[in-house]
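The structure appears below as structure tokens.
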Amino acid sequence: MYIAKVLIEHPVHSLDTTFDYLCNESLKVGIRVLIPFGHQKLIGYVESIEETSLTKEELEQQAGFQYHYIQEVIDQEPLLNEELRQLALQLSQMTLSPRIACLQAMLPTQLKPSTTKAVGVKMKTIVHIIKDGVAKTQKQNECFQYLKEHPMSQIKDIPYSKGVIDHLIEQGLVEYQKIEYYRQPSTSHFTQQKNVILTNDQQKVVDGILSKPERVSLIHGVTGSGKTEIYLALTSEIRKAGKTVIMLVPEISLTPMMVDIFKQRFGDQVAILHSRLSQGEKYDEYRRIKRQEVKIVVGARSAIFAPLENIGLIILDEEHDASYKQDTKPRYLTGQIARMRAKTHHARVVLGSATPSLESYSRAQKGIYDLYVLDKRINQKPLPYVQIIDMVEEMKHHNYSLFSYEMKKKIQETIDKDEQVMLLLNKRGYATYVRCQDCGEVVKCPHCDVTLTYHKDEQKLKCHYCEYQIPFPQYCSHCGSRSLKTIGMGTQRIEEDIEKTFHHAKVIRYDVDTTKNKNGHLKLLEKFKKKEANILLGTQMIAKGLDFENVTFVGVLNADMSLNVPDFRASERTFQLLCQVSGRSGRGKKAGTVIIQTYNPDHYAITAAAKHDYISFYKQEMLYRQKAQYPPYCHLVSIIVQSKDETRVHQAALDIKNYLCSQIHHGVTLGPAKSVIYKMQDIYRQRILIKFVNSHEVYQALEVINNYYNKKQKRKVTVICDFNPYSQI
């Protein structure tokens, strides 16, 4: 008899331990099993197995509790290889997350240790020829001849009736067969030139990276400098060496474009993994990878866990992007996982960006990473001319619209020349909030500390944090007045204004609301590529990776939105966003221009972005980071203390702060303070921030806090430990 130590499917700290179950035969570690758990039947994951000579009764007498048998073995082979199992264990320790949560993050829905229903293998019925021969009638012979010329045809594709095929089956000439087939994710139809000859600068970068095995390389290349061609050339060389490649992009909307480019170069060797795939598509792509039918995986953040063997190269495009940080458990940083996997496989890691994160660039300056610089666009195309417009001056001239006089003029000129425009406003919805003009009451979310955003197309007010929504109110809930006014502007409102203001304007709005359907982002971008619209209006989704030759003007409607966020990375994010969106202009044969509208025209992030000057921004920002002791001069961990009881949160936060101060002697503990959004989804939240250099004593203290509040569930308070936090909300 055997004792299996099993993790159960619920990713909660209080159940983050193995439970012992009996089985009559030895099982492989890493498979799923069906087990009784209390009054439920749950899916478990076998962590280890050991043989015992004792009987069930003897074991129960020795342990003091009743043993149960595993009811069903679900898998014959382990779900993950040894490397990924060890990685899940390390990830659990690094992020203080339940082990099962780390395993589930690595698997598609169908293979997660979970009782959630999911689609399975897809089968199709084909007609298979058994032997050669002659059929009884002319029609049957014609059908038989067609099947010879089109072997493995599906019934629906055969231009003959099912009755004719059935007669051929009766004569023993053919048979029906059910075969498995893969669902194919949609990809775009963006054309990409094959076998591009690299420029001297690009070739130097490729040669440099290939000459240094097992290194992390940072490519700092301006927008349009040809980083993608370098990725393709590196991938080609790594493939020639018989190794596999992971290519990561930050936005799901960029994935199909990158897949299309890679598929045209490498054909069916490429698989795609991201969260917008259907369950079936994701399952089929995962199985193709696991069966080693593909050698290159292109995808968003979660593709870093692709079960490839013999990895030779991991690429992170737009490495600075915040979406590489997972914001639910396990809260991992994709770059960190990439370096861990690369170390195991003795692989290279390549980071690419026009605006590298300060952490990456400072590592490159110290020689920890190899730095490669591409400071010119391909074919010596100039970077776009950027003009800063001071909106305070516009207001002095009685222009209160969101469009400055200069931007209005430039948009109309661009449309008249049959060229295209991209406009950035990082705020979705129609209006930021609704206010009563009589009593000043603002309509807020009852579950979160935020105002409700007005979405005009649905006539609803929505919370962007908990999805609470109500119809647009007819009167004020506070004083009964009907004088309700929408305040502020989102992409929906601007879309409406553009159509009223500009002649011959055809707008595509590109934000979370318009791209939420499957392949929604792809359809909109293809419409813009085909010039079915001349203005692409969007949130930050439009800033990265898009390449439209006919776009000659980019307008940033309000550069201050990301600048005024209470976060030490606000200036860095603003600089990155402005540089990235500016880089969408003038990528074809025509020169590009950019207008940035701001109320802070002298802010160093905005002036440096206008000059495409990363180095001056880096130097200025590093001075501020050093003075305030923020990364890269230290590490950060954010501790969020949360509960539905406001008093408990306040007391627990003080207790945790006092405990941390007594245990951590080589770091700075800030707080507790109310989170920027104090109440979210009816949960009150306070934040403590620890700045540290040596992580040992920090981890020890946080493990004690994690055990007390999360595993033992004391005081109805939970604690989230977020290492390297990318959001301070």
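Check Ser92, Ser97, Ser14 and return the single one that is farther than 20 Å from Tyr332 by Cβ and either touching a Phe, Trp or Tyr at 6+ places or on another chain (Cβ under 6 Å) or not acidic (Asp, Glu) (or both).
Details: Ser92 fails: farther than 20 Å from Tyr332 by Cβ; Ser97 fails: farther than 20 Å from Tyr332 by Cβ.
Exactly one residue qualifies, and that residue is Ser14.
Which one of Val512, Val554, Val565 is modelled with pLDDT under 90, of a type in the set (Val, Ile, Thr) and over 12 Å from Thr491 (Cβ atoms)?
Working: Val512 fails: over 12 Å from Thr491 (Cβ atoms); Val554 fails: modelled with pLDDT under 90.
Exactly one of Val512, Val554, Val565 is modelled with pLDDT under 90, of a type in the set (Val, Ile, Thr) and over 12 Å from Thr491 (Cβ atoms), namely Val565.
Among (1) more than 22 Å from Thr593 (Cα to Cα); (2) among the hydrophobic types (A, V, I, L, M, F, W, C); (3) crowded, with 18+ Cβ neighbours inside 10 Å, there is one condition Met395 misses while meeting the rest; what is its number?
Failed condition: (3).
Residues are listed down the side, and each one gets a yes or a no for (1) at pLDDT 95 or above; (2) surrounded by 12 or more Cβ atoms within 10 Å (Cβ to Cβ); (3) assigned by TED's automatic domain parsing to the domain that holds Ile596; (4) under 17 Å from Glu495 (Cβ atoms):
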{"position": "Gln387", "(1), (2), (3), (4)": "yes, yes, yes, no"}
{"position": "Tyr400", "(1), (2), (3), (4)": "no, no, yes, no"}
{"position": "Ser404", "(1), (2), (3), (4)": "yes, yes, yes, no"}
{"position": "Met407", "(1), (2), (3), (4)": "yes, yes, yes, yes"}
{"position": "Ile411", "(1), (2), (3), (4)": "yes, yes, yes, yes"}
{"position": "Ile415", "(1), (2), (3), (4)": "yes, yes, yes, yes"}
{"position": "Glu419", "(1), (2), (3), (4)": "yes, yes, yes, no"}
{"position": "Met422", "(1), (2), (3), (4)": "yes, yes, yes, yes"}
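Give, as residue ranges, the strands (runs of 3 or more DSSP E) completely inside the stretch 616-705 that count at least 2 residues that are aromatic (Phe, Trp, Tyr) and surrounded by fewer than 16 Cβ atoms within 10 Å (Cβ to Cβ). Before you say what the answer is, go through the steps one by one.
On the way: elements: 635-643, 667-680, 683-692.
Once the strands (runs of 3 or more DSSP E) in the stretch 616-705 are filtered for at least 2 residues that are aromatic (Phe, Trp, Tyr) and surrounded by fewer than 16 Cβ atoms within 10 Å (Cβ to Cβ), nothing remains.
Wholly within the stretch 432-517, which strands (runs of 3 or more DSSP E) include no fewer than the required count, namely at least 3 residues that are touching an Asp or Glu at 6+ places or on another chain (Cβ under 7 Å)?
Details: elements: 433-436, 453-455, 460-462, 469-471, 484-487, 507-510.
Here the list is empty.
Does Ile487 satisfy being of a type outside the set (Asp, Glu) and either within 30 Å of Gly586 (Cα to Cα) or within 31 Å of the chain's Cα centre (by Cα) (or both)? Reasoning before the result, please.
Numbers: of a type outside the set (Asp, Glu): yes; either within 30 Å of Gly586 (Cα to Cα) or within 31 Å of the chain's Cα centre (by Cα) (or both): no.
Criteria not met by Ile487.
Checking the conditions here, which among Ile272, Ile304, Ile296 is within 24 Å of Gln90 (Cα to Cα) and buried (at least 20 other Cβ atoms within 10 Å of the Cβ)?
Working: Ile272 fails: within 24 Å of Gln90 (Cα to Cα); Ile296 fails: within 24 Å of Gln90 (Cα to Cα).
Result of the check over Ile272, Ile304, Ile296: Ile304.
Would you please list the contacts, defined by Cβ atoms under 8 Å and residues six or more apart or on different chains, that run from a residue in the stretch 605-628 that is of a type in the set (Lys, Arg) to a residue that is assigned to a helix (DSSP H, G or I) and modelled with pLDDT of 95 or more?
Arg625/Leu358
Could you give every pair whose Cβ atoms fall below 8 Å, whose first residue belongs to the stretch 471-486 and is charged (D, E, K, R), and whose second residue is exposed (fewer than 10 other Cβ atoms within 10 Å of the Cβ), counting only separations of at least 6 or pairs across chains?
Between residues of the stretch 471-486 that are charged (D, E, K, R) and residues that are exposed (fewer than 10 other Cβ atoms within 10 Å of the Cβ), the close pairs are Arg482/Gln474.
Yes or no: Glu9 acidic (Asp, Glu) and surrounded by fewer than 14 Cβ atoms within 10 Å (Cβ to Cβ)?
no
Please find, among Leu546, Leu537, the residue that is buried (at least 22 other Cβ atoms within 10 Å of the Cβ), under 16 Å from Gln597 (Cβ atoms) and not hydroxyl-bearing (Ser, Thr, Tyr).
Values: Leu546 fails: under 16 Å from Gln597 (Cβ atoms).
After applying the criteria, what remains is Leu537.
Quick one: in the stretch 107-123, which of the residues that are part of a loop (DSSP other than H, G, I, E, B) and within 14 Å of Glu285 (Cβ to Cβ) is modelled with the lowest pLDDT?
To start, the set of residues in the stretch 107-123 that are part of a loop (DSSP other than H, G, I, E, B) comprises 107-108, 112-122.
Narrowing the set further to residues that are within 14 Å of Glu285 (Cβ to Cβ) leaves 107-108, 119, 121-122.
On the way: Leu107: 88, Pro108: 82, Val119: 49, Val121: 57, Lys122: 65.
Among those that are part of a loop (DSSP other than H, G, I, E, B) and within 14 Å of Glu285 (Cβ to Cβ), it is Val119.
Can you tell me which of (1) hydrophobic (A, V, I, L, M, F, W, C); (2) assigned to a loop (DSSP other than H, G, I, E, B); (3) buried (at least 20 other Cβ atoms within 10 Å of the Cβ) is the one Phe528 doesn't meet?
(2)
Per-residue answers, yes or no, for (1) modelled with pLDDT of 95 or more; (2) within 25 Å of the chain's Cα centre (by Cα); (3) hydroxyl-bearing (Ser, Thr, Tyr):
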| residue | (1), (2), (3) |
| --- | --- |
| Leu522 | no, yes, no |
| Lys529 | no, yes, no |
| Ile535 | yes, no, no |
| Asp547 | no, yes, no |
| Met561 | no, yes, no |
| Arg587 | no, no, no |
| Tyr604 | yes, no, yes |
| Thr607 | yes, no, yes |
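Can you name every residue in the stretch 379-393 that is without any contact (Cβ under 8 Å) to a residue 40 or more places away in the chain and within 18 Å of Pro601 (Cα to Cα)?
Selection gives Glu393 alone.
List, please: which pairs have Cβ atoms under 7 Å, are six or more places apart or on different chains, and start with a residue in the stretch 489-504 that is free of Cβ contacts under 8 Å to residues at least 24 places away in the same chain and end with one that is part of a loop (DSSP other than H, G, I, E, B) and of a type in the set (A, V, I, L, M, F, W, C)?
Glu499/Ala505
Only one residue in Gly367, Gly352 is small (Gly, Ala, Ser) and free of Cβ contacts under 8 Å to residues at least 40 places away in the same chain. Which one? Give the steps one after another, and end with the answer.
Details: Gly352 fails: free of Cβ contacts under 8 Å to residues at least 40 places away in the same chain.
Step by step, each of Gly367, Gly352 is checked, and only Gly367 is small (Gly, Ala, Ser) and free of Cβ contacts under 8 Å to residues at least 40 places away in the same chain.
If you take the residues of the stretch 557-597 that are within 17 Å of Pro384 (Cβ to Cβ) and among the β-branched types (Val, Ile, Thr), which of them is surrounded by the fewest Cβ atoms within 10 Å (Cβ to Cβ)?
Across the stretch 557-597, the extreme among qualifying residues is Thr593.
When residues of the stretch 368-402 are filtered for being within 30 Å of Ser225 (Cα to Cα) and touching a Leu at 6+ places or on another chain (Cβ under 8 Å), how many remain?
Adding up the residues that qualify gives 5.
Would you mind telling me which numbered condition in (1) in a loop (DSSP other than H, G, I, E, B); (2) modelled with pLDDT of 90 or more; (3) surrounded by 14 or more Cβ atoms within 10 Å (Cβ to Cβ) Pro185 fails?
(2)
Consider only pairs whose beta carbons are under 6 Å apart and that are at least six residues apart or on different chains; among these, list those whose first residue lies in the stretch 327-349 and is more than 30 Å from Asp207 (Cβ to Cβ) and whose second residue is of a type in the set (Asp, Glu) and not in a helix (DSSP H, G or I).
Here the result reads Arg331/Asp722, each pair linking the stretch 327-349 to a residue that is of a type in the set (Asp, Glu) and not in a helix (DSSP H, G or I).
Pick from Ser357, Ser302, Ser253: which is in contact with a His (Cβ under 8 Å, 6 or more places away or on another chain) and at pLDDT 95 or above? So that I can check it myself, show each step before the final result.
Details: Ser302 fails: at pLDDT 95 or above; Ser253 fails: at pLDDT 95 or above.
Result of the check over Ser357, Ser302, Ser253: Ser357.
If you go through the stretch 274-294 one residue at a time, how many are of a type outside the set (Phe, Trp, Tyr) and either assigned by TED's automatic domain parsing to the domain that holds Gly520 or part of a helix (DSSP H, G or I) (or both)?
Initial filter on the stretch 274-294 (of a type outside the set (Phe, Trp, Tyr)): 274-282, 284-285, 287-294.
Those still in the list that are either assigned by TED's automatic domain parsing to the domain that holds Gly520 or part of a helix (DSSP H, G or I) (or both) too: 279-282, 284-285, 287-290.
Residues flagged as of a type outside the set (Phe, Trp, Tyr) and either assigned by TED's automatic domain parsing to the domain that holds Gly520 or part of a helix (DSSP H, G or I) (or both) within the stretch 274-294 amount to 10.
Please note which strands (runs of 3 or more DSSP E) are completely contained in the stretch 354-425 and include at least 2 residues that are touching a helix residue (DSSP H, G or I) at 6+ places or on another chain (Cβ under 8 Å) and among the hydroxyl-bearing types (Ser, Thr, Tyr). Before you say what the answer is, go through the steps one by one.
Working: elements: 370-374, 385-390, 420-424.
Because the criterion is at least 2 residues that are touching a helix residue (DSSP H, G or I) at 6+ places or on another chain (Cβ under 8 Å) and among the hydroxyl-bearing types (Ser, Thr, Tyr), no strands (runs of 3 or more DSSP E) in the stretch 354-425 meet it.
Testing Met247 on (1) buried (at least 22 other Cβ atoms within 10 Å of the Cβ); (2) within 15 Å of the chain's Cα centre (by Cα); (3) modelled with pLDDT under 95, one condition comes back false. Which one is that?
Status for Met247: all satisfied but (3).
Write out, first by first residue and then by second, each pair whose Cβ atoms fall under 7 Å of each other, whose residues are 6+ apart or on separate chains, and whose first residue, in the stretch 643-667, is closer than 14 Å to Ile683 by Cα while the second is exposed (fewer than 15 other Cβ atoms within 10 Å of the Cβ).
Here the result reads Ser643/Lys716; Lys644/Asp682; Asp645/Lys716; Arg648/Lys716, each pair linking the stretch 643-667 to a residue that is exposed (fewer than 15 other Cβ atoms within 10 Å of the Cβ).
The values are calculated or read from the model by the stated rules, or taken from the named source; none is laboratory data. For clarity, every value in this text was computed on a predicted model and none was experimentally measured. Methodologically, a virtual Cβ is constructed for each residue, glycine included, from the backbone with ideal geometry; neighbour enumeration extends over all protein chains shown.
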